[in-house]
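One structure is given here, and the rest of the page talks about it.
The values are calculated or read from the model by the stated rules, or taken from the named source; none is laboratory data. Remember, predicted model here, so these are calculated numbers, not experimental data. Here Cβ is always computed from backbone atoms with ideal geometry, including for glycine, and neighbour counts include all displayed protein chains.
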Amino acid sequence: MERLEVKNLSFSFGVTQVLDEINFTLNKGHVLSIVGPSGGGKSTLLKLCANILNIEQGEINNSFKYCSFAFQDTRLLPWKNVIDNISLSLLAKNINKKEALLKAENIAIKMGLKQEDFDKFPKDLSGGMKQRVSFARALVINPKLLFLDEPFSALDIGLKKELQEYLINLVENENLSILFITHDLMEAVKLSDEILVLEPNPGRVVKSFKIDEQKSLRDTNFVYKTSAK
Ligand code: ADP
Ligand code: MG
């Protein structure tokens, strides 16, 4: 069974210890949230798990084959249009250009983007549209594990709900796993199977709880709408 396993993970930036002995396991088809105040080491922990930062102490075993990311600040490439931003990860996988474009367009529509947006550049998109593109880019490779670093924080409530419902559907029906970072406990409760609370200086898990009744909190019967409202 695919899993992400973090064992005794500690990390420092120079002399400042940011993470202290973090342990958790994220199993296939589950959502694990890391909640805590700003500066607590959440983003650092996610970057270590996602192999964006190199680990120093401890161990991370990730057996998920396809992983993607979405961040609060989207990090779209400013010199590429919407469709090229989305299809980039497919082209990097040697999928031919025509097929990559088709897949990118399909997921873009599912994320509520419209045909007329496809050749726009990030600077001409609203924050919400950029996050739609960012999710399309993350999902176009059919990831098994998603790393999410506060991707909903700057979004209005309608778009937040729409994107969250789309993800929940993938978790419930396609066994997507998510490592979710947020400072919003309610959001974590709504989306997760398990929550770790990280307190700063140095980042330590001070509480962890499983949400047994989660299935009733998640609205699995929604009908996902493919167009922007
Ligand atoms: P969070 O995501 O919970 O807000 P971060 O992981 O971003 O926390 O940051 C944790 C601590 O590490 C903060 O004190 C921050 O200033 C520090 N930090 C983050 N990135 C770097 C870096 N690249 N170099 C030095 N210190 C950093
Ligand atoms: Mg952060």
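Any residue that is at pLDDT below 95, within 16 Å of ligand 2 (Cβ to nearest atom) and surrounded by 18 or more Cβ atoms within 10 Å (Cβ to Cβ) - is there at least one of those in the range 87-106?
no
Just to be sure, is residue 64 away from ligand 2 (no atom under 16 Å from the Cβ), touching a strand residue (DSSP E or B) at 6+ places or on another chain (Cβ under 9 Å) and in contact (Cβ under 8 Å) with a residue 24 or more places away in the chain?
Spelling it out, residue 64 is indeed away from ligand 2 (no atom under 16 Å from the Cβ), touching a strand residue (DSSP E or B) at 6+ places or on another chain (Cβ under 9 Å) and in contact (Cβ under 8 Å) with a residue 24 or more places away in the chain.
Residue-by-condition table, conditions (1) β-branched (Val, Ile, Thr); (2) touching a residue at least 24 places away in the same chain (Cβ under 8 Å); (3) within 22 Å of residue 66 (Cβ to Cβ):
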position: 104; (1), (2), (3): no, yes, yes
position: 108; (1), (2), (3): no, yes, yes
position: 115; (1), (2), (3): no, no, no
position: 118; (1), (2), (3): no, yes, no
position: 122; (1), (2), (3): no, yes, no
position: 127; (1), (2), (3): no, yes, no
position: 130; (1), (2), (3): no, yes, no
position: 140; (1), (2), (3): yes, yes, yes
position: 164; (1), (2), (3): no, yes, yes
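Suppose we keep only residues that are exposed (fewer than 14 other Cβ atoms within 10 Å of the Cβ) and of a type outside the set (S, T, N, Q) within the range 1-36. Which one would you say is farthest from ligand 2 (Cβ to nearest atom)?
So, considering only residues that are exposed (fewer than 14 other Cβ atoms within 10 Å of the Cβ) and of a type outside the set (S, T, N, Q), the one farthest from ligand 2 (Cβ to nearest atom) is 1.
Residues of the range 37-57 being under 17 Å from residue 144 (Cβ atoms) and either within 9 Å of ligand 2 (Cβ to nearest atom) or touching a Phe, Trp or Tyr at 6+ places or on another chain (Cβ under 6 Å) (or both), which ones?
Residues satisfying the conditions are 46, 50.
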